[in-house]
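Undergrad: Pasting in a structure now, in structure tokens, and then I'll have a few things to ask.
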Amino acid sequence: MAAGDEGTDPELGFAYAHTGIAISPESGRRLACDADITPMLLGRNSVPLNVASTERLLPAHLRKALIARDKGCARCGRPPRWCRGHHVTHWADGGDTCLENCVLLCDACHRLIHHSDWEERITDGIVEFIPPAYRDPERRTIRGINQLAA
Ligand SMILES: [Zn+2]
Ligand SMILES: [Zn+2]
């Protein structure tokens with residue numbers, strides 16, 4: 001297993017939604033990103049390795065601030081009603097639920113960001129996306145779609 005590949009370690013099991021349905025660790029992190037669920041990382045024999053102690057729903061005032069800044073999905077521009085808050089540094093990794101660490105993404109872009117090598121960052125209030133190497137070998141940053149004119 002390569003460093004940084006924890007989420008895909010074949011020895012790790014599945015995250016379980018509260019319905020008891022097994023989902024991949026990546027999906028667990030995506031669903032927990034802006035949701036009232038408690039992800040649990042399971043090892044072999046379903047022994048819990050890590051249980052996140054807190055949930056991080058986006059508070060209303062933060063959602064309003066994200067809408068003001070991102071105006072919709074920061075990556076594709078879908079309107080805010082299609083979007084949820086994504087934590088750039090996942091809260092399970094210590095990322096704060098704040099304007100500097102959250103970005104508005106539609107479900108499709110949210111899925112892409114969590115399940116691929118796309119990266120994102122927020123610098124001085126500007127959201128930038130870094131494409132995976134297969135898409136751009138130089139991995140040049142792309143500014144958030146609604147921030148091009150900023
Ligand atoms: Zn989008
Ligand atoms: Zn997310």
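Undergrad: By average Cβ neighbour count within 10 Å, what is the ranking of 86-97, 117-128, 66-77 from highest down? Walk me through the numbers on the way to the answer.
TA: Numbers: 86-97: 16.3, 117-128: 14.5, 66-77: 20.0.
Going by the mean number of other Cβ atoms within 10 Å, highest first, we get 66-77, 86-97, 117-128.
Undergrad: Give the relative contact order (percent, whole number) for the stretch 107-150; include only Cα pairs under 8 Å separated by 6+ residues.
TA: 27
Undergrad: Follow-up. Using a Förster distance of 35 Å, how high is the FRET efficiency between residue 134 and residue 57, based on the Cβ-Cβ distance and rounded to 0.05? Walk me through the intermediate numbers first.
TA: Working: r = 34 Å, r/R0 = 0.97.
Efficiency, from the Cβ-Cβ distance: 0.55.
Undergrad: Roughly to the nearest percent, how much of the accessible area of the stretch 60-147 is carbon and sulfur, given a 1.4 Å probe? Let's see the in-between values first.
TA: Numbers: 2270 of 4650 Å².
Here carbon and sulfur together make up 49 percent of the probe-accessible area.
Undergrad: Continuing with the same structure: Full-extension gain between residue 117 and residue 82, please, as 0.36 nm times their residue separation minus the C-alpha to C-alpha distance. All intermediate terms of the calculation are to be shown ahead of the outcome.
TA: On the way: separation 35, 0.36 × 35 = 12.60 nm, distance 2.27 nm.
Contour length minus Cα-Cα distance gives 10.3 nm.
Undergrad: Tell me, how many Å apart are the Cα centres for the stretch 120-150 and for the stretch 56-79?
TA: Between the Cα centre of the stretch 120-150 and that of the stretch 56-79, the gap is 17 Å.
The values are calculated or read from the model by the stated rules, or taken from the named source; none is laboratory data. All values reported here derive from a predicted model rather than from experimental measurement. FYI the Cβ positions are ideal-geometry reconstructions off the backbone, even for glycines, and counts take in every protein chain you see. Just so you know, the surface numbers come from the protein's heavy atoms only, side chains and all, with ligands and any DNA or RNA stripped out. Shrake-Rupley method; radii C 1.70, N 1.55, O 1.52, S 1.80 Å.
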